[in-house]
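Each remark here refers to the structure printed beneath this line.
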Amino acid sequence: MFTGALIYVACWSCIVIPYNVLLGNIIPWELMWVCFAFLASSGVIRLSFVYDFYVKSKKNPHTNRLGLYVGLLANSATWSGVTAFIVYHPEFESMGHFIMVIFGILYAFISLSLCIDKVQLRIYLISYILPISIAYFAKQGSDNVYIACLLWASTVPVYRIAMMHHREYWSLFHQAYLLKNYSAKLAELARTDDLTGLMNQRSFNQIFEQEIQQAVESRQSYGLLLVDIDHFKMINDSYGHLTGDHCLSQIGLILNRLIEDNIKVARYGGEEFVILLPNATEEKALALAETVRQNLSASVFRFTEREFTITVSVGVAVIYPQQRTDAQRLFQFADEAMYAAKAAGRNRVVLYQKC
């Protein structure tokens with residue numbers, strides 16, 4: 001649209017004016033510059049409307065398009081009017097034939113370029129053909145009337161061809177839109193555990209390494225909670241794997257509700273969940289671990305006609321800037337603390353330094 005606003009000025013400056021000079025200035029320079037001023041003014045008008053629409057449509061996709069239509073009408077009607085003026089006057093006949101060639105080329109090219117918007121296409125076809133056809137009718141003579149009628153008749157095939165491109169464009173646009181959505185969904189599926197809706201192990205490991213590396217470099221503390229469901233195998237054996245899957249999905253919902261946005265939580269595999277806590281202290285990490293343990297232990301899980309409760313063992317590890325450890329060691333610390341909680345009787349929270 002930005003290019004279309006100035007194409008008539010470009011054609012007049014780069015093609016019509018040099019050709020007029022070659023013909024010995026058939027059209028006086030004063031008139032050439034007046035025509036240039038009209039074309040430039042209409043181009044600026046359309047350009048301002050296009051820019052205004054472009055800025056507003058970024059904020060609101062449903063921005064009113066009236067400005068686009070007014071700018072297009074002014075732009076195309078001005079070029080057609082200038083062309084009609086030259087064609088109408090017999091003293092400019094040799095220039096008139098040449099400018100009609102440019103008129104026809106632009107007619108075909110711009111019609112196709114406007115095929116995206118049917119309203120703009122219709123406005124263009126009418127405003128572009130009307131002035132020049134009036135000029136040919138006004139010249140009288142059977143040949144001129146025939147040319148005017150032919151110009152109007154040409155709008156039918158031009159419109160139909162443009163509509164073919166219109167349908168093809170929007171079909172491709174729709175397919176590209178669907179492909180983009182599917183790609184986004186696939187990327188989300190690759191990051192997410194399908195049972196719980198939490199981050200999966202692969203995605204967590206990528207973030208975990210980066211977060212701990214940044215924490216070490218910026219000298220920040222970090223905490224890791226490793227949550228393991230006690231006797232989860234008994235739930236699967238007693239009630240079936242569907243019940244176990246339902247239990248895991250509900251735990252995912254509970255953790256999502258409890259955990260703040262800046263804290264990463266993931267299902268690490270089987271019945272294990274991990275929680276990554278930035279800027280952690282031992283007190284803060286233990287408090288969160290105890291909140292998780294109490295909420296999960298207090299929850300009643302229902303599936304079909306069965307009701308049951310669970311307990312969890314939570315291992316907590318916190319690293320401080322002076323320790324300069326890595327992600328693997330931090331996970332090992334939390335894992336050892338979790339097994340210490342299991343060994344101490346389950347359903348409890350254990351901090352690594354105290355295990």
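The values are calculated or read from the model by the stated rules, or taken from the named source; none is laboratory data. The model shown is predicted, which means the values in this text are computed figures rather than measured ones. As a convention, Cβ positions derive from the backbone with ideal geometry for all residues, glycine included, and neighbour counts pool all protein chains shown. Note: areas computed on protein heavy atoms with side chains; ligands, DNA, RNA excluded. Shrake-Rupley method; radii C 1.70, N 1.55, O 1.52, S 1.80 Å.
Summary table below
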quantity: Counting all C-alpha pairs of segment 62-167, share separated by more than 25 Å (%); calculated: 22 percent
quantity: For segment 16-111: Kirkwood Rh in Å [reciprocal of mean 1/r, alpha carbons]; calculated: 14.9 Å
quantity: Rounded, prolate or oblate (a/c below 1.5 giving rounded, otherwise prolate when a/b exceeds b/c) for segment 201-355 by Cα gyration tensor; calculated: prolate
quantity: Rounded to whole Å, sorted largest first: equivalent-ellipsoid semi-axes of segment 284-333, Cα gyration tensor; calculated: 33, 12, 6
quantity: Low-density loop positions, trypsin sites (Lys or Arg not before Pro), segment 293-355 - DSSP coil, at most 16 other Cβ in 10 Å; calculated: ARG324, ARG346
quantity: In Hz, Karplus ³J(HN,Hα) per residue of segment 37-50 (6.51, -1.76, 1.60; θ = phi - 60°; x = Gly, Pro); calculated: 4, 4, 5, 5, 5, 5, x, 5, 4, 5, 4, 5, 5, 5
quantity: Whole-Hz couplings from phi, Karplus 6.51/-1.76/1.60, listed for segment 63-78; x for Gly and Pro; calculated: 4, 4, 9, 4, x, 4, 5, 5, x, 5, 4, 5, 5, 6, 5, 5
quantity: Segment 269-355 - Debye-derived log10 I(q)/I(0), Cα point model, q = 0.12, 0.13, 0.22, 0.25 Å⁻¹; calculated: -0.39, -0.46, -1.09, -1.31
quantity: The chain - percent relative contact order, Cα under 8 Å, separation 6 or more; calculated: 12 percent
quantity: FRET efficiency, 1/(1 + (r/R0)^6) with R0 22 Å, evaluated for ASN256 and ALA287 via beta carbons; calculated: 0.75
quantity: Cα extents of segment 105-171 along the three principal axes, largest first (Å); calculated: 46, 17, 16
quantity: Cα-based helix-to-principal-axis angle, 93-113 vs the chain, degrees rounded to 10; calculated: 20 degrees
quantity: Kirkwood Rh and Cα Rg combined as Rg/Rh, the chain; calculated: 1.37
quantity: q = 0.14, 0.17, 0.20, 0.31 Å⁻¹, segment 305-355: log10 I(q)/I(0) [Debye, one scatterer per Cα]; calculated: -0.41, -0.53, -0.66, -1.09
quantity: Mean ellipticity per residue at 222 nm, deg cm²/dmol - from DSSP H runs of n ≥ 4 across the chain, formula -39500 (n - 2.57); calculated: -23500 deg cm²/dmol
quantity: Cα-based helix-to-principal-axis angle, 282-298 vs the chain, degrees rounded to 10; calculated: 90 degrees
quantity: Estimated translational D of segment 137-253 in µm²/s (Stokes, Kirkwood radius over Cα pairs; 25 °C; 0.890 mPa s); calculated: 115 µm²/s
quantity: Separation in nanometres of the label points that stand 7 Å from Cα toward Cβ, at ARG329 and HIS89; calculated: 8.9 nm
quantity: With every protein chain in place, the chain: carbon and sulfur % of accessible area (1.4 Å); calculated: 60 percent
quantity: Area projected by the alpha carbon convex hull of segment 246-285, averaged over all directions, nm²; calculated: 3.1 nm²
